[in-house]
Amino acid sequence: MTTKNKIFSIAISLSAAFFSAQNNTVRTFNLDLKESPVPVKIQPTMYGIFFEDINFAADGGLYAELIKNRSFEFDEPFTGWKQPNTKTLSPNLDSGFLTIYSDPAKTNKNYARITVLNNKNYILENEGFRGIGLHQGEQYDFSFDLENVSGNIAAVNASLVDENGKEISSVSTLIKGKGWQKYTAVFKAPKTVEKAKLRITFTGNGIVNMDMISLFPQDTWKGRKGGLRKDLVQKLYDLQPGFLRFPGGCIVEGRTLAERYQWKKTIGNVADREYLINKWSTGFPHRLTPDYGQSFGLGFFEYFQLSEDLGAEPVPILSCGIACQFNTAELVKMENLDPYVQDALDLIEFANGDSGTKWGRIRTEMGHPTPFNLKFIGVGNEQWGADYIEHYKVFEKAIHAKYPDIKIISGSGPSPDGEFFEYGWKELKQLNAQIVDEHYYNSPEWFMKNAGRYDHYDRSGPKVFAGEYAAQSVGVVKPDNKNNWLTALSEAAFMTGLERNADVVYMTSYAPLFAHADGWQWTPDLIWFNNLKSYATPNYYVQKLFSNNKGTDVLKIESNGKAVSGQEKLYATAVKDAKNKEIIIKIVNADTQAKTVNIKPGTLKMGEKITKILLSAPQLSTENSFDAEPIKPKEENSETKNGEISTEIPANSLVVLKVKVI
């Protein structure tokens, strides 16, 4: 190479380096870390779980029952059932037919009367919840109630068949004696199938009555018979939630008062629990789901039990006597409100009363003699206006007269601002309300702009429960919303403000929690599942990083004396974990360029080892899926220098830094 060429080559290299540096400039931020002059404690309930039976979250989801409409209680009682050989469930004199009999005196009133005329041709099938998921090598408990009415039917033959009708596994159960009896058998799945069906045939001809036809995996959460789906509960457990709010959500209210959630109908013998159509079955024109019901196999006892399993405070929400105001807004008159208030008082007794009380005895008989130690109860879900305030007053007076230590959660309506929101807060503040529930479904931009929402809230007023929130990538109630990295990143930015204001914000939860890939009504959602498996969204991992690292005391982390809340798209919060003797710093960089942060700990003495947890994505539009989770936390270690932290925060990322306190 000639000298001239060498000079030209060097010039090109220097030019390229210059432009590269210009395009990859890393801004440096000096942050000061110090203890708050007024100590701010983080409540154990800071990060929790909101559960609502939407998107097949209970039946077809968390509740592990695999048979849809197992006791023929749907408004259309043949829902989920077919007679393939006859194409319909109408009488067929060549094979047989099914009719529905009813006993109005019972809560579980319906049962099937099956007339078998030709057992070689008669078949009854159940389609499950968008199919029946089977895992290779696992066992499944099959059961049914049967009354042998007449004829010579000697056995019920059941098989699991795949999407093509090919038999996977079969069992045969001999029928003996008269009168209603419960029969059981066990299937073993030789292969994995996502959308199997249950097929029932008979040996002999005659008439039988059948009810509670059920199929459960044996491998449930904690191995409980008729229990919960293991992989879904595990994801909840891994969040280390401070509370579990249940059962919703708008299903608390119901489209009408008759369709509201009534907790007393969800306890006791599972077979006797009264079915109810799910509010979300026809809630949205874009996802009509008329086969969506509530069997209440997952009822209030099971919710309390799940809370206990998770180490979370149970937070039940009850109807305040106003149906969903987006639907009928049906209202209970003040003079007729007593039964609703009594339901709240009885629930507290069910949870906390000893076995000598009426409702405590029922809990004991269900297998839990020790109290559930209920501390919170919610009055209404998303109601607004003067009627709600008047109803709330009656509940508050009655509950605190008998149970003064119970903390009552009230509501500010469905929106984070506006006339109803302002009115609700004004009235509830005057009433010295304890905790006010706020809901926000909005754009990612809204969440980032509102990271400082609680910086100026009244410190002497009611505490805040951020009870439902999720960034909407397209718009509220839009079926095309995505759980992409942009929504998760914006929620992380917002959550730094929640944590920084832990003296005001006592409880927070993303919503909704679950969605069945083939049976959803609302997007986005925290955890997606199908009949075989589930995956965690980027939003889930944001929640997990905050919840698993919530600490015990808020620290101040500032830039030029100000909270780090959006300056050049940087957001930060810091806490001390007194139990583990750690400082935990969460930093969100919502910019397209990386940033370096230098953190000076002031009088705080830090150890040398830094654990750095990074959550990021190749693009803001990146999502997780059943096939892969490209967005999940990655951990690395580094060291402090001269007692300070200096680290890079990549573009569009959430970073959690953990260092021991000396």
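Just a few scattered comments:
- Leading residue by the ranking (farthest from the chain's Cα centre (by Cα)) among those in the stretch 35-58 that are outside any loop (DSSP other than H, G, I, E, B) and crowded, with 24+ Cβ neighbours inside 10 Å: 47
- Of all the residues in the stretch 592-624, those that are under 13 Å from residue 648 (Cα atoms) and in a loop (DSSP other than H, G, I, E, B) number 2.
- Taken over the stretch 59-98, the residue count meeting the criterion of being buried (at least 24 other Cβ atoms within 10 Å of the Cβ) and at pLDDT below 95 is 1.
- For the stretch 121-148, the candidate set comprises residues that are outside any strand (DSSP E or B) and touching a Ser or Thr at 6+ places or on another chain (Cβ under 8 Å); within that set, the residue that is surrounded by the most Cβ atoms within 10 Å (Cβ to Cβ) is 122.
- Among the residues listed as 115, 99, the single one being more than 30 Å from residue 58 (Cβ to Cβ) and outside any loop (DSSP other than H, G, I, E, B): 115
- Residues that are in contact (Cβ under 8 Å) with a residue 40 or more places away in the chain and surrounded by fewer than 15 Cβ atoms within 10 Å (Cβ to Cβ) were ranked within the stretch 637-647; the one that is nearest to residue 529 (Cα to Cα) is 644.
- Residue 209 satisfies every condition listed in (1) touching a Leu at 6+ places or on another chain (Cβ under 6 Å); (2) not assigned by TED's automatic domain parsing to the domain that holds residue 365 except (1).
- Residue check for residue 586: charged (D, E, K, R), surrounded by fewer than 20 Cβ atoms within 10 Å (Cβ to Cβ) and assigned to a strand (DSSP E or B): no
- Pick from the stretch 336-358, criterion out of contact with any strand residue (DSSP E or B) (no Cβ under 7 Å at 6 or more places or on another chain) and among the charged types (D, E, K, R), ranking: farthest from residue 313 (Cα to Cα): 338
- Where a residue in the stretch 385-404 is over 9 Å from residue 341 (Cβ atoms) and its partner, wherever it lies, is among the charged types (D, E, K, R), with Cβ under 6 Å and at least six apart: 389/427
- Evaluated against (1) β-branched (Val, Ile, Thr); (2) under 24 Å from residue 51 (Cβ atoms); (3) assigned to a helix (DSSP H, G or I), residue 496 falls short on exactly one condition, (2).
- Residue selected from the stretch 276-291 under the condition out of contact with any Ser or Thr (no Cβ under 6 Å at 6 or more places or on another chain) and in contact (Cβ under 8 Å) with a residue 40 or more places away in the chain, by the criterion surrounded by the fewest Cβ atoms within 10 Å (Cβ to Cβ): 286
- Tally, over the stretch 625-636, of residues that are more than 19 Å from residue 655 (Cβ to Cβ), surrounded by 10 or more Cβ atoms within 10 Å (Cβ to Cβ) and not hydroxyl-bearing (Ser, Thr, Tyr): 2
- Exactly one residue among 192, 220 is touching a residue at least 40 places away in the same chain (Cβ under 8 Å), touching a helix residue (DSSP H, G or I) at 6+ places or on another chain (Cβ under 8 Å) and either more than 20 Å from residue 119 (Cβ to Cβ) or exposed (fewer than 13 other Cβ atoms within 10 Å of the Cβ) (or both), and that residue is 220.
- Residues that are surrounded by 15 or more Cβ atoms within 10 Å (Cβ to Cβ) and more than 30 Å from the chain's Cα centre (by Cα) within the stretch 608-624 comprise just one, 610.
- Residue in the stretch 316-348 that is farthest from residue 398 (Cα to Cα), counting only those that are charged (D, E, K, R) and in a loop (DSSP other than H, G, I, E, B): 330
- The stretch 59-71 - residue that is over 27 Å from residue 98 (Cα atoms) and of a type outside the set (A, V, I, L, M) and, of those, nearest to the chain's Cα centre (by Cα): 61
- Residue within the stretch 376-395 that is crowded, with 17+ Cβ neighbours inside 10 Å, in the same structural domain as residue 435 (by TED's automatic domain parsing) and touching a Lys or Arg at 6+ places or on another chain (Cβ under 6 Å) present: yes
The values are calculated or read from the model by the stated rules, or taken from the named source; none is laboratory data. Fair warning: this is a prediction, and the values are worked out from it, not measured in the lab. Using ideal geometry, Cβ is built from the backbone for each residue, glycine included, and neighbour counts are taken over all protein chains shown.
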